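The values are calculated or read from the model by the stated rules, or taken from the named source; none is laboratory data. What you see is a predicted model, and the numbers here were worked out from it, not measured in a lab. Positions of Cβ are backbone-derived with ideal geometry, glycine not excepted, and every protein chain shown enters the neighbour counts. Heads up: the accessible areas ignore ligands, DNA and RNA and are worked out on the full protein's heavy atoms, side chains in. Shrake-Rupley method; radii C 1.70, N 1.55, O 1.52, S 1.80 Å.
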Amino acid sequence: MLDKTFVPSSIEKEQYEIWEKSGAFSIHPNLGKQPYTIMMPPPNVTGNLHMGHALTFTLQDILIRYHRMCGYDVLWQPGTDHAGIATQMVVERQLEKDGLTRTSLGRPAFLEKVWAWKNHSGNIILNQLRRLGASPDWSRERFTMDAGLSKAVRKLFVQLYQDGLIYRDKRLVNWDPKLHTAISDLEVEQREIQGQLWYIKYFFEDNPTEYIVVATTRPETLFGDVAVAVHPDDSRYQHMIGKKVIIPLANRIISIIADTYSDPEKGSGAVKVTPAHDFNDFDIGKRHKLPTFNIFDQNACLNDQVPDMYQGLSREQARQQVLKDLETLGYLEKTASHSMTVPYGDRSGVVIEPWLTDQWYVDTSSLAKKAIEVVEKSEIKFVPDQWKTTYFQWMHNIQPWCISRQLWWGHQIPVWYSKDGKVFVAETEEEALVQAKKHYGHDVILDQDQDVLDTWFSSALWPFSTLGWPDNTAELQHYYPTDVLVTGFDIIFFWVARMIMMGLYTQKKIPFKTVYIHALIRDEFGQKMSKSKGNIIDPLDLMDRYGTDAVRFTLASLAVPGRDIKLAESRIEGYRNFVTKLWNAARFCQMNECEFSEDFDLKTIDEPIHFWIMAMLLETTQKVEVALSTYRFNDAAYALYHFIWHQFCDWYIEFIKLLLTDQDQNKAVKTRNFTSWLLMQILHLLHPFMPFVTEKLWKDFNPKGSMLMVSSWPNYKSFKMDETKVQEIQWVIKLIETIRALRSEMALLPSVKPKLGLRDISKETIAYLQQHQTTITRLARLDEIILTLPYPSEGCVQIVFEGNIFLLNLTGLIDLEKEKNRLYNDIKKIDQQINMLTNKLNNQKFLQHAQHDVIEEQKQRLKDNQDMKDKLEKALSLYKNLMV
């Protein structure tokens, strides 16, 4: 017998170990089954499970478990990403505690420390995914720096280089002055601040008494100016285009140029052009073939390209000194407040410096053409479709991809240099030495490039490198291309697009057929979760308190395509109650001796309620299948919730209570057999969403059978429906619901049990009432149903239902005047609350100073009171119209 209460923690760990040890997660490429493949977005090896992970891995696991039950050869490829910057920072912080640095250790020793850390504590998140119930093939776990994946990275780099698609160039990058490396746009956090706009006079070379005013947010970079730009249509400056001006403090001569980037409506309409320290200025410099040079070193301190007195100053120090000197010398015209966006390194926390440096690049513009085409032709589909537009915007405006990073942890770039600077690109040092010997005619010493590759480079290979490429493995042939990629919108360009480009380049095939973009999880008020706001929700904590099944089902139910998720803990609590409801229904079945048999024959059922619940089961199964095929997880969850809670628990179980105790033992036995079979079908449908509780119940009802997770998805194609019996039960349910609704509107207490009389009733209705009189009386909380016609109308409320007229007799059950007075008083009290809340929400002082959640709470209270008033007024109207 099942325990009275379901305790998730008592079964989850044990159940997961049984699954994993059984080999049920494994692939079976030799069985001739159709493959279904999902590549797990590899979480950072430094990571811990957060709500975004919980969402994406829950949705992936739902698809995996569903397709596994549908008979596919399922591969959910797991693994982790080496996360270059994040991992290096973790280990460096540990070294600092011992008074060490990576440079004091040297590269080989430092990398030993990183590998030791990774092997000891780097897979925490994968164990947390096990807690979530994720069912990938763990035997195939990969790491982006595994030997096989490293081989793939080197192979691709060399191939791209030989095809002219990888090259070295001096361009502007996001430079982190603390970490001393280039970083990607995704690792840059844009912060809105209230800054300053300084208006500086640039005097003309041929007339020292006249000047043009340039507005800038970065006066310290004026030493790197190579031009002043104005809009070609700005009438104020057209006569100045082509003239020369002198840079203040630098005494260097530059030209005024015309460029449409200058906005006549912003600042003075004239901007300084500093190509080495601003991305927009870099583009202007390229258009006008202007010189470009750095004025900062790797620490973002002024270098030897500036006057001696400013050399060595940090950006902040240089700004203060430059402004002081400009003002002293009369170059500073004015200062104005200015809202602006400043880039910060998301890990270092320092301001990022656009910096001109030599880096390795991929010519993505060439690779993007085919990647755009496959999405245009719908060979790859985005769900929701709107994200296709975002993809195209990025791809049509694609820039060269900077793939080198000035780190030690990562894939060291497979490039070697001779003493005279000759470049040799090869997969191994041995191959590079052979190339060098062939070039020079004798052995030479080579030094490998010290940089490593951007983490996204190895991640771009994930769909095929994990399957054995560059070797032509059986797995690569069987599981590539994959079926669906489930990921967030923020990495459509950084990861999704690059996988498409690299998949098409190496395999000549798309890497996946569908890209499902899931929503962003916010707090219950719609705010983005962050440490600074203190609103982060820990999924592990939620699983501890409510159970994993409740957390998973909540996330699925809230995953509406194209809409961010507002996660309130009350929703998880509600779905924990759903788990409890299912558990109690299963206990009811056990207590009533419902025993499951795999040989049960659906042809034996004959009761109307059985046909009705079968119709609901068929409808629900179809809804779930359609919803999952279109990635509408919320629709599937809703269909299951509605069927299990309302149709199975609230109606079916209540209806069969009489059948289970029927004197006709044949009826009772048939009902027990069918009910246990029905419960097993429910467990099948619910398993992808709630794997733990369903597997536990399945085992209790079917101890000798195989595990639920490897059982077949239900198929009822051979079942013959009796629609007349379905309609009969549907009619009875609607009548009960109508009576219940009237009771609710009149605020009748459960103890008040009126008689139900009949006035104008069809013969069919009489037959239904005779057949289901006991059930209707019990579930509608009636004293009895009087079948004698016509019933007197005095003291009755009239009910019109499907052409029939019923009378609910309240005579002697309520004090009419007392009830009306109670309703009047309740409405009066509610009006006072509504007035108070309305006045508060119309108070501008309250709206300006109260916290967002407080205001939302008051709005909700107002709505609740208004809803309650509507119900009370409706009830009062019914009492006023009571037939006397």
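Do the conditions hold for Met707, that is, is it in contact (Cβ under 8 Å) with a residue 60 or more places away in the chain and touching a Ser or Thr at 6+ places or on another chain (Cβ under 9 Å)?
So Met707 fits the description; yes.
Is there a residue being closer than 21 Å to Trp651 by Cα, out of contact with any Cys (no Cβ under 7 Å at 6 or more places or on another chain) and open to solvent by 80 Å² or more (accessible area, probe 1.4 Å) anywhere in the range 788-807?
Within the range 788-807, the subset closer than 21 Å to Trp651 by Cα is 801-802.
The next check asks that each one be out of contact with any Cys (no Cβ under 7 Å at 6 or more places or on another chain); those that pass are 801-802.
Next cut, open to solvent by 80 Å² or more (accessible area, probe 1.4 Å) only: 802.
Scanning the range 788-807 turns up at least one residue that is closer than 21 Å to Trp651 by Cα, out of contact with any Cys (no Cβ under 7 Å at 6 or more places or on another chain) and open to solvent by 80 Å² or more (accessible area, probe 1.4 Å).
Anything in the range 199-214 that is open to solvent by less than 30 Å² (accessible area, probe 1.4 Å) and either touching a Ser or Thr at 6+ places or on another chain (Cβ under 7 Å) or free of Cβ contacts under 8 Å to residues at least 12 places away in the same chain (or both)? List them, or say none. Break it down stepwise before answering.
Of the residues in the range 199-214, the ones open to solvent by less than 30 Å² (accessible area, probe 1.4 Å) are 199-200, 202, 204, 212-214.
Passing the criteria: Tyr199, Ile200, Val213, Val214.
Keeping to the range 374-388, report how many residues are assigned to a helix (DSSP H, G or I) and open to solvent by less than 80 Å² (accessible area, probe 1.4 Å). Give the steps one after another, and end with the answer.
At the first step, the residues of the range 374-388 found to be assigned to a helix (DSSP H, G or I) are 374-376, 387-388.
Then drop every residue that is not open to solvent by less than 80 Å² (accessible area, probe 1.4 Å), which leaves 374-375, 387-388.
Residues flagged as assigned to a helix (DSSP H, G or I) and open to solvent by less than 80 Å² (accessible area, probe 1.4 Å) within the range 374-388 amount to 4.
Given (1) at pLDDT 95 or above; (2) surrounded by fewer than 22 Cβ atoms within 10 Å (Cβ to Cβ), identify the lone condition not met by His610.
Evaluating His610 over (1) at pLDDT 95 or above; (2) surrounded by fewer than 22 Cβ atoms within 10 Å (Cβ to Cβ) leaves (2) as the failure.
Which residues, counting only those in the range 670-704, are touching a residue at least 24 places away in the same chain (Cβ under 8 Å) and of a type in the set (D, E, K, R)?
Matches in the range 670-704: Lys670, Arg672, Glu695, Lys696, Asp700.
Somewhere in the range 775-784, is a residue surrounded by 14 or more Cβ atoms within 10 Å (Cβ to Cβ) and more than 30 Å from Met614 (Cα to Cα)?
no
Just give me the residues in the range 794-837 being farther than 16 Å from Met746 by Cβ and part of a helix (DSSP H, G or I), in sequence order.
Asn825, Lys828, Lys829, Ile830, Asp831, Gln832, Gln833, Ile834, Asn835, Met836, Leu837, listed by residue number.
Hey, among the residues in the range 299-325 that are without any contact (Cβ under 8 Å) to a residue 60 or more places away in the chain and charged (D, E, K, R), which one's surrounded by the fewest Cβ atoms within 10 Å (Cβ to Cβ)?
Ranking the qualifying residues of the range 299-325, first place goes to Asp308.
Tell me the residue from Thr428, Thr466 that is out of contact with any Ser or Thr (no Cβ under 8 Å at 6 or more places or on another chain) and open to solvent by less than 20 Å² (accessible area, probe 1.4 Å), please.
Values: Thr428 fails: open to solvent by less than 20 Å² (accessible area, probe 1.4 Å).
So the residue among Thr428, Thr466 that is out of contact with any Ser or Thr (no Cβ under 8 Å at 6 or more places or on another chain) and open to solvent by less than 20 Å² (accessible area, probe 1.4 Å) is Thr466.
Do we find that Ile246 is in contact with a strand residue (DSSP E or B) (Cβ under 9 Å, 6 or more places away or on another chain), within 21 Å of Ala227 (Cβ to Cβ) and open to solvent by less than 50 Å² (accessible area, probe 1.4 Å) in this structure? Walk me through how you get there before you give the answer.
Values: in contact with a strand residue (DSSP E or B) (Cβ under 9 Å, 6 or more places away or on another chain): yes; within 21 Å of Ala227 (Cβ to Cβ): yes; open to solvent by less than 50 Å² (accessible area, probe 1.4 Å): no.
Taking the combined requirement at face value, the residue does not satisfy it.
Do we have any residue at all in the range 417-429 that's more than 14 Å from Val158 (Cα to Cα) and touching a Lys or Arg at 6+ places or on another chain (Cβ under 8 Å)?
Initially, the range 417-429 is screened for residues more than 14 Å from Val158 (Cα to Cα), giving 417-422.
Checking which are touching a Lys or Arg at 6+ places or on another chain (Cβ under 8 Å) leaves us with none.
Looking through the range 417-429, none of the residues is more than 14 Å from Val158 (Cα to Cα) and touching a Lys or Arg at 6+ places or on another chain (Cβ under 8 Å).
Need at least 1 residues that are within 19 Å of the chain's Cα centre (by Cα) per element, so show me which helices (runs of 4 or more DSSP H) inside the range 22-126 make the cut, counting only ones lying wholly within it.
Correct list: 51-69.
Are there any pairs with C-beta distances below 7 angstrom linking a residue in the range 406-431 that is part of a strand (DSSP E or B) to a residue that is open to solvent by 20 Å² or more (accessible area, probe 1.4 Å) and among the hydroxyl-bearing types (Ser, Thr, Tyr), with the two at least 6 apart or on different chains, and if so which?
Note: pairs meeting the criteria are Val423/Tyr417; Val425/Tyr161.
Out of the range 713-749, which residues are of a type in the set (Asp, Glu) and outside any helix (DSSP H, G or I)?
First, pick out the residues of the range 713-749 that are of a type in the set (Asp, Glu): 722-723, 728, 737, 745.
Correct list: Asp722 only.
From the list Thr335, Thr328, pick out the single residue that is without any contact (Cβ under 8 Å) to a residue 24 or more places away in the chain, open to solvent by 50 Å² or more (accessible area, probe 1.4 Å) and β-branched (Val, Ile, Thr).
Details: Thr335 fails: without any contact (Cβ under 8 Å) to a residue 24 or more places away in the chain.
Going through Thr335, Thr328 in turn, the sole match is Thr328.
Give the residue, chosen from Ser348, Ser404, that is of a type outside the set (Asp, Glu), open to solvent by less than 10 Å² (accessible area, probe 1.4 Å) and within 31 Å of the chain's Cα centre (by Cα). Before the answer, list the steps.
Numbers: Ser348 fails: open to solvent by less than 10 Å² (accessible area, probe 1.4 Å).
From the options Ser348, Ser404, the qualifying one is Ser404.
Specify which of the listed residues (Thr604, Thr620, Thr630) is hydroxyl-bearing (Ser, Thr, Tyr), in contact with a helix residue (DSSP H, G or I) (Cβ under 9 Å, 6 or more places away or on another chain) and more than 25 Å from Thr580 (Cα to Cα).
On the way: Thr620 fails: more than 25 Å from Thr580 (Cα to Cα); Thr630 fails: in contact with a helix residue (DSSP H, G or I) (Cβ under 9 Å, 6 or more places away or on another chain).
On inspection, the qualifying residue turns out to be Thr604.
Kindly evaluate Ser557 against the criterion of being farther than 30 Å from Asp163 by Cα and without any contact (Cβ under 8 Å) to a residue 24 or more places away in the chain.
On the way: farther than 30 Å from Asp163 by Cα: yes; without any contact (Cβ under 8 Å) to a residue 24 or more places away in the chain: no.
It is false that Ser557 is farther than 30 Å from Asp163 by Cα and without any contact (Cβ under 8 Å) to a residue 24 or more places away in the chain.
What residue, of Thr580, Thr604, is open to solvent by 40 Å² or more (accessible area, probe 1.4 Å), more than 19 Å from Val7 (Cα to Cα), touching a residue at least 24 places away in the same chain (Cβ under 8 Å) and polar (S, T, N, Q)? Explain how you work it out, then say what you get.
Values: Thr580 fails: more than 19 Å from Val7 (Cα to Cα).
Just one listed residue meets the conditions, Thr604.
Can you work out which of the residues in the range 57-78 that are touching a Pro at 6+ places or on another chain (Cβ under 8 Å) and among the charged types (D, E, K, R) is nearest to Pro714 (Cα to Cα)?
Looking at residues that are touching a Pro at 6+ places or on another chain (Cβ under 8 Å) and among the charged types (D, E, K, R), I get Arg65.
Do the conditions hold for Lys369, that is, is it without any contact (Cβ under 8 Å) to a residue 40 or more places away in the chain and either touching a Pro at 6+ places or on another chain (Cβ under 6 Å) or buried (at least 19 other Cβ atoms within 10 Å of the Cβ) (or both)? Explain how you work it out, then say what you get.
Numbers: without any contact (Cβ under 8 Å) to a residue 40 or more places away in the chain: yes; either touching a Pro at 6+ places or on another chain (Cβ under 6 Å) or buried (at least 19 other Cβ atoms within 10 Å of the Cβ) (or both): no.
The answer is no for Lys369.
Within 30 Å of Gln851 (Cβ to Cβ) and either touching a residue at least 24 places away in the same chain (Cβ under 8 Å) or of a type in the set (Asp, Glu) (or both): which single residue out of Ile517, Ile537, Ile510 fits that description?
Numbers: Ile517 fails: within 30 Å of Gln851 (Cβ to Cβ); Ile510 fails: within 30 Å of Gln851 (Cβ to Cβ).
None of the other options fit; the residue is Ile537.
In this structure, is Ile212 in contact with a helix residue (DSSP H, G or I) (Cβ under 8 Å, 6 or more places away or on another chain), in a strand (DSSP E or B) and at pLDDT 95 or above? Explain how you work it out, then say what you get.
Numbers: in contact with a helix residue (DSSP H, G or I) (Cβ under 8 Å, 6 or more places away or on another chain): yes; in a strand (DSSP E or B): yes; at pLDDT 95 or above: yes.
When the stated conditions are applied, Ile212 passes them.
When only residues in the range 1-55 that are under 27 Å from Asp483 (Cβ atoms) and hydroxyl-bearing (Ser, Thr, Tyr) count, which is surrounded by the fewest Cβ atoms within 10 Å (Cβ to Cβ)?
Filtering the range 1-55 for residues that are under 27 Å from Asp483 (Cβ atoms) and hydroxyl-bearing (Ser, Thr, Tyr), the one surrounded by the fewest Cβ atoms within 10 Å (Cβ to Cβ) comes out as Ser22.
Conditions tested, residue by residue: (1) open to solvent by less than 40 Å² (accessible area, probe 1.4 Å); (2) of a type in the set (Phe, Trp, Tyr); (3) within 29 Å of His277 (Cα to Cα); (4) in contact with a helix residue (DSSP H, G or I) (Cβ under 8 Å, 6 or more places away or on another chain).
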{"position": "Arg107", "(1), (2), (3), (4)": "yes, no, no, no"}
{"position": "Phe110", "(1), (2), (3), (4)": "yes, yes, no, yes"}
{"position": "Ser121", "(1), (2), (3), (4)": "yes, no, no, no"}
{"position": "Arg131", "(1), (2), (3), (4)": "no, no, no, yes"}
{"position": "Gln159", "(1), (2), (3), (4)": "no, no, no, yes"}
{"position": "Asp163", "(1), (2), (3), (4)": "no, no, no, no"}
{"position": "Lys178", "(1), (2), (3), (4)": "no, no, yes, no"}
{"position": "Ile183", "(1), (2), (3), (4)": "yes, no, yes, yes"}
